Amino acid sequence: MIQICQFVFNEFQENTYVLYDETKECVIFDPGCHHPSDYKMLTDFISANELKPVKLVNTHCHIDHVLGNPFVSKKYGVALHLHKDELQTYRDTGRWAEMFGLVMEEIPEEKVFIDEGDQLKFGNSTLDIFFTPGHSVASLTFYNRAEKICISGDVLFQGSIGRTDLPGGNFDTLINSIKTKLFTLDDDTKVFSGHGNSTTIGEERMHNPFLTH
């Protein structure tokens with residue numbers, strides 16, 4: 001059974017997730033950790049639960065979701081998994097970092113490109129991958145059918161959707177991604193978003209003002 005631990009990191013209040021199962025293997029999604037206290041919080045949790053990180057994953061590569069990539073990659077010797085078309089988004093984070101007075105480290109050297117149709121595996125667990133662009137040029141969503149868990153990045157939020165005014169964003173594309181990919185899932189599927197509280201597909205299908213018309 002998959003367990004999920006949520007952390008809220010950095011100035012953007014970004015959600016980082018650690019997913020693990022009974023084997024103690026774990027996957028770290030969108031590490032936004034950027035300060036020593038962030039690093040300690042993440043590593044203390046992994047150590048206390050005797051977890052073994054086996055993959056580092058970005059749903060997309062906006063600055064708030066990648067700040068901790070170099071730390072996690074070096075600390076645990078794991079490859080970065082992302083969509084190949086997000087690399088340019090990642091490379092552009094340097095100028096965004098300057099705008100916010102942040103320091104960006106180099107993109108992890110070891111990378112694995114993933115896309116819809118692939119699966120992300122750890123321990124005894126498997127996540128299907130959906131291509132869900134619109135917030136970013138090549139955002140990915142990760143889904144476990146058996147346990148009805150969805151890691152959506154900044155595609156879908158409780159009562160909202162990802163912003164589309166950043167490079168690579170497109171409102172119509174995002175709405176299409178949600179309606180043709182996420183809204184095919186069962187209503188009781190729990191959605192873990194890149195910011196804010198978790199929600200369910202059913203709640204957003206019924207009440208999200210961007211999606212109910």
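The values are calculated or read from the model by the stated rules, or taken from the named source; none is laboratory data. Computed from a predicted structure; not experimentally measured. Neighbour counts are summed over all protein chains in view; Cβ atoms, including those assigned to glycine, are modelled from backbone coordinates with ideal geometry. Protein only, heavy atoms only, side chains kept; ligands, DNA and RNA dropped before computing areas. Shrake-Rupley method; radii C 1.70, N 1.55, O 1.52, S 1.80 Å.
Number of residues in segment 166-196 that are part of a loop (DSSP other than H, G, I, E, B), farther than 20 Å from ASN58 by Cα and open to solvent by 30 Å² or more (accessible area, probe 1.4 Å): the value is 3. When the residues of segment 141-186 are filtered to those that are more than 27 Å from GLY123 (Cα to Cα) and among the acidic types (Asp, Glu), which remaining residue is farthest from the chain's Cα centre (by Cα)? Selected residue: ASP172.
All conditions but one from (1) hydrophobic (A, V, I, L, M, F, W, C); (2) assigned to a loop (DSSP other than H, G, I, E, B); (3) at pLDDT 95 or above apply to PHE7; the one that does not is (2). Residues in segment 203-213 that are surrounded by 16 or more Cβ atoms within 10 Å (Cβ to Cβ) and without any contact (Cβ under 8 Å) to a residue 40 or more places away in the chain: ARG205 only. Is it true that some residue in segment 131-146 is open to solvent by less than 10 Å² (accessible area, probe 1.4 Å), hydrophobic (A, V, I, L, M, F, W, C), under 21 Å from ILE2 (Cβ atoms) and touching a strand residue (DSSP E or B) at 6+ places or on another chain (Cβ under 7 Å)? Within segment 131-146, one or more residues are open to solvent by less than 10 Å² (accessible area, probe 1.4 Å), hydrophobic (A, V, I, L, M, F, W, C), under 21 Å from ILE2 (Cβ atoms) and touching a strand residue (DSSP E or B) at 6+ places or on another chain (Cβ under 7 Å).
Against the criterion of being within 17 Å of ILE151 (Cα to Cα), open to solvent by less than 10 Å² (accessible area, probe 1.4 Å) and outside any strand (DSSP E or B), THR59 qualifies. Filtering segment 13-38 to residues that are open to solvent by 60 Å² or more (accessible area, probe 1.4 Å) and either in a helix (DSSP H, G or I) or hydrophobic (A, V, I, L, M, F, W, C) (or both) leaves PRO36, SER37.
Across segment 152-165, the number of residues qualifying as surrounded by 21 or more Cβ atoms within 10 Å (Cβ to Cβ), in contact with a Leu (Cβ under 8 Å, 6 or more places away or on another chain) and either of a type in the set (Val, Ile, Thr) or closer than 18 Å to ILE63 by Cβ (or both) comes to 4.
When residues in segment 40-56 are screened for being surrounded by 14 or more Cβ atoms within 10 Å (Cβ to Cβ) and not in a loop (DSSP other than H, G, I, E, B), 10 of them pass. If the condition is being of a type in the set (Asp, Glu), assigned to a helix (DSSP H, G or I) and touching a residue at least 60 places away in the same chain (Cβ under 8 Å), then segment 65-95 contributes no residue at all. If you take the residues in segment 11-35 that are under 17 Å from LYS75 (Cβ atoms) and at pLDDT below 95, which one is nearest to the chain's Cα centre (by Cα)? The qualifying residue nearest to the chain's Cα centre (by Cα) is HIS34.
Based on what the data block shows, is ILE46 of a type in the set (Val, Ile, Thr) and touching a strand residue (DSSP E or B) at 6+ places or on another chain (Cβ under 6 Å)?
Details: of a type in the set (Val, Ile, Thr): yes; touching a strand residue (DSSP E or B) at 6+ places or on another chain (Cβ under 6 Å): no.
Spelling it out, it is not the case that ILE46 is of a type in the set (Val, Ile, Thr) and touching a strand residue (DSSP E or B) at 6+ places or on another chain (Cβ under 6 Å).
Select, from ILE114, ILE107, ILE149, the only residue that is touching a helix residue (DSSP H, G or I) at 6+ places or on another chain (Cβ under 6 Å) and either of a type in the set (Val, Ile, Thr) or crowded, with 16+ Cβ neighbours inside 10 Å (or both). Outline the logic, then answer.
Working: ILE114 fails: touching a helix residue (DSSP H, G or I) at 6+ places or on another chain (Cβ under 6 Å); ILE149 fails: touching a helix residue (DSSP H, G or I) at 6+ places or on another chain (Cβ under 6 Å).
Within the list ILE114, ILE107, ILE149, the selection yields ILE107.
From the list PHE122, PHE100, the lone residue that is at negative phi and open to solvent by 30 Å² or more (accessible area, probe 1.4 Å) is PHE100.
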